[in-house]
1. For helix 25-37, report the angle its Cα long axis makes with the longest principal axis of the Cα atoms of the chain; keep it between 0 and 90° and round to the nearest 10°.
2. Hey, what number do you get for the chain at 222 nm if only DSSP H runs of n ≥ 4 count, each worth -39500 (n - 2.57), divided across all residues, to the nearest 500?
3. Can you sort 58, 5, 32 so the residue with the fewest Cβ neighbours within 10 Å comes first?
4. Tell me, 13, 45 in order of fewest to most beta-carbon neighbours within 10 Å?
5. Note down the magnitude of the dipole of the chain about its Cα centre, charges +1 on Lys and Arg C-beta and -1 on Asp and Glu C-beta and zero elsewhere, to the nearest 20 debye.
6. Principal axis extents for the chain, Cα atoms only, whole Å, descending order, please.
7. What percent do you get for the relative contact order of the chain when only Cα pairs under 8 Å and 6+ apart count?
8. Could I have the simple spin-label model distance between residue 1 and residue 62, label points 7 Å from Cα toward Cβ, reported in nm to one decimal?
Amino acid sequence: MKLCRLLLAPCNVLILDEPTNHLDAAAKSALRDALAQFAGSVLLVSHEASFYKDWADRIVRLEPA
């Protein structure tokens, strides 16, 4: 429900699901730098902690059921 409300209002939110798949090292670095400078919020799903650990300020890990 909160996500629906968020999407109906003007906001700076990126929702990214494994954005580093099929990227080379230079492209990953450029994406990481761009996201670190992004002024909005980022909801990111990634299995590469090295990609987000330097710029993410809140990390939620979900364990398999």
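1. 40 degrees
2. Calculated mean residue ellipticity at 222 nm is -10000 deg cm²/dmol.
3. On the way: 58 5, 5 9, 32 19.
Lowest count first: 58, 5, 32.
4. Going from sparsest to densest Cβ surroundings: 45, 13.
5. On the way: 7 positive and 8 negative charges, 60 e Å.
I would put it at about 280 debye.
6. 36, 33, 22
7. Working: 36 pairs, mean separation 25.4, N = 65.
This gives 39 percent for the chain.
8. About 1.9 nm separates the two model spin labels.
Each reported figure results from applying straightforward, stated rules to the coordinates on display, with no laboratory input. Predicted model, so just to flag it, every value in this text is computed and none were measured. Cβ coordinates were reconstructed from backbone atoms using ideal geometry, including for glycine residues, and neighbour counts include every protein chain displayed.
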